[in-house]
Amino acid sequence: MTLFTPLSIGDIELSNRLVMAPLTRVRSSREGIPGPMVVEHYRQRASLGLIVTEGTYPCDSGRGFPGQPGLVTPEQVAAWRQVTDAVHEDGGLIYAQVMHAGRVTHEATTGGHAVVAPSAVAIDGETRTYDGKQPYPIPHALTTEELPGVIEEFVQASKNAIEAGMDGVELHGANGYLLHQFMFTETNQREDGYGGSPENRARFMIEVVQAVAAAIGAERVGLRISPAPSGRDVLPADPEDILATYGAVADALAPLHLAYLSVLHEDPAGALIQEIRGRFKGPFLVNSGFGVITDLDEAEDILASNLGDAVVVGRQAIANPDLARRWQEGLPLNEPDPLTYYSHGAEGYTDYPFYQDPEAAAPVS
């Protein structure tokens with residue numbers, strides 16, 4: 001098994017085992033509509049085995065950032081259809097990441113919609129909004145009666161993704177966003193059936209995945225998790241609690257036969273991640289790129305060591321739209337420019353060059 005061995009996930013086959021990570025790039029309109037520049041960005045990267053889009057919000061209250069796209073309105077769905085058509089025309093496959101920000105947002109970003117979370121616990125810090133930087137607000141603690149409505153928002157957004165031509169959806173259960181917030185006692189102080197024990201804290205994530213799988217087919221649903229500190233005041237400290245919580249998720253989802261489980265963790269070889277993998281029993285995608293950019297040697301080692309079935313790559317996919325070819329042929333790489341990750345134009349988004357053979361580029365004498 002190599003990076004360039006095909007891989008089946010759900011009912012599709014990836015031509016290689018390089019997966020583009022969901023990368024926040026904030027290039028969509030204030031109305032959450034991805035435009036032609038977004039179409040071109042994803043089209044350029046169609047040679048990767050699978051593209052996972054940046055996080056797309058399933059409801060107005062779940063919008064985390066200015067410039068983030070949504071999967072709510074007919075206009076957003078129609079715009080995403082332009083993206084999926086372009087990717088498919090170039091032979092690629094694309095999943096939409098459905099992401100509810102939970103408390104990681106502000107009313108100035110959500111358009112005045114209340115910020116919601118498992119519990120009324122604010123992040124200590126500031127967030128960028130359409131009105132400049134603002135302190136994170138104390139969120140509204142979702143009531144037990146409100147939770148089915150939030151689940152339905154995930155379901156409808158996932159249906160909208162399929163209508164837009166996506167090959168599937170990845171539910172964002174990582175990085176301190178809403179599903180992740182339910183998993184830990186630091187952000188989940190509930191006293192109902194969704195708080196307290198590890199099994200209760202895992203319940204909301206499980207129910208969202210189950211509902212989306214029932215609506216669009218489990219073979220078109222992936223889940224992304226990060227069983228580690230997120231940097232947003234989600235600081236799980238007890239390894240036994242982490243394993244109990246995520247083990248409950250893996251055990252509940254294994255019978256569904258999802259397309260995949262994608263794990264973001266700095267130590268994919270560790271006992272925690274490998275036990276979660278064993279209990280999930282399905283295709284397992286590994287993203288180890290925290291402080292260090294994933295390079296070819298690490299990506300190959302993940303597969304050679306049987307730590308996962310595919311490698312999720314972020315910054316290298318930003319800088320190298322033809323990363324699959326460059327790594328397969330041992331070609332030099334473009335360097336990513338962090339200063340353009342969250343800017344608003346084509347620079348650092350659609351202007352990274354494809355590799356050009358020096359001999360082919362030489363002028364004819």
*Sequence of 302, 12 from largest to smallest accessible area, 1.4 Å probe*: 12, 302
*So how many Å³ per residue does the convex hull of the Cα atoms of segment 61-110 work out to?*
77 Å³
*With only alpha-carbon atoms counted, please give the Rg and Dmax of segment 19-105, in Å.*
12.1, 38
*asked:* As a test question: what accessible area, to the nearest 10 Å², does residue 159 have when a 1.4 Å probe is rolled over all protein chains in place?
replied: 90 Å²
*Quick one: divide the alpha-carbon radius of gyration of the chain by 2.2 N^0.38 Å and tell me what you get.*
0.95
*Using unit Cβ charges (K, R positive; D, E negative) and no other charged atoms, how large, in debye to the nearest 20, is the dipole of the chain about its Cα centre?*
360 debye
_Using the basic label-point model (7 angstrom from Cα toward the beta carbon), what is the residue 354 to residue 271 distance in nanometres?_
4.9 nm
*Gain upon complete extension [residue 124, residue 145; 0.36 nm per residue less C-alpha separation]*: 4.8 nm
*Using 1/(1 + (r/R0)^6) with R0 = 22 angstrom and r between the beta carbons of residue 159 and residue 114, what's the FRET efficiency to the nearest 0.05?*
0.35
*Given C-alpha coordinates of segment 152-220, what is the ratio Rg to Rh with the Kirkwood estimate of Rh?*
1.04
*Go through segment 148-164 residue by residue and turn each phi into a ³J(HN,Hα) via Karplus (6.51, -1.76, 1.60, θ = phi - 60°); whole Hz please, and just put x for glycine and proline.*
x, x, 5, 4, 5, 5, 4, 5, 5, 4, 5, 4, 4, 4, 5, 4, 7
*Of all accessible surface on segment 260-365 at a 1.4 Å probe, what whole percent is carbon and sulfur?*
52 percent
_Given the whole protein assembly as supplied and a 1.4 Å probe, what does the accessible area of residue 280 come to in Å², nearest 10?_
10 Å²
*Counting only protein chains, not ligands or nucleic acids, how are 39, 313 ordered by accessible area (probe 1.4 Å), most first?*
39, 313
_Need one number: nm distance between label points at residue 13 and residue 325, each 7 Å from Cα along Cα→Cβ, rounded to one decimal._
2.3 nm
*Over every pair of different alpha-carbon atoms in segment 122-188, take the mean of 1/r and invert it; report that Kirkwood radius in Å.*
14.4 Å
*For segment 26-74, build the convex hull from the C-alpha positions and give me its volume per residue in Å³.*
80 Å³
*Just the Cα atoms of segment 1-159: what Rg and Dmax do they give in Å?*
17.1, 50
*asked:* So, R0 is 35 Å and r is the distance between the beta-carbons of residue 297 and residue 81; what FRET efficiency does that work out to, to 0.05?
replied: 0.35
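The values are calculated or read from the model by the stated rules, or taken from the named source; none is laboratory data. All figures in this text were calculated on a predicted structure; none of them were measured in a lab. Neighbour counts run over all protein chains shown; Cβ positions are idealised from the backbone, glycine included. Heavy atoms of the whole protein, side chains included, go into the accessibility calculation; ligands, DNA and RNA do not. Shrake-Rupley method; radii C 1.70, N 1.55, O 1.52, S 1.80 Å.
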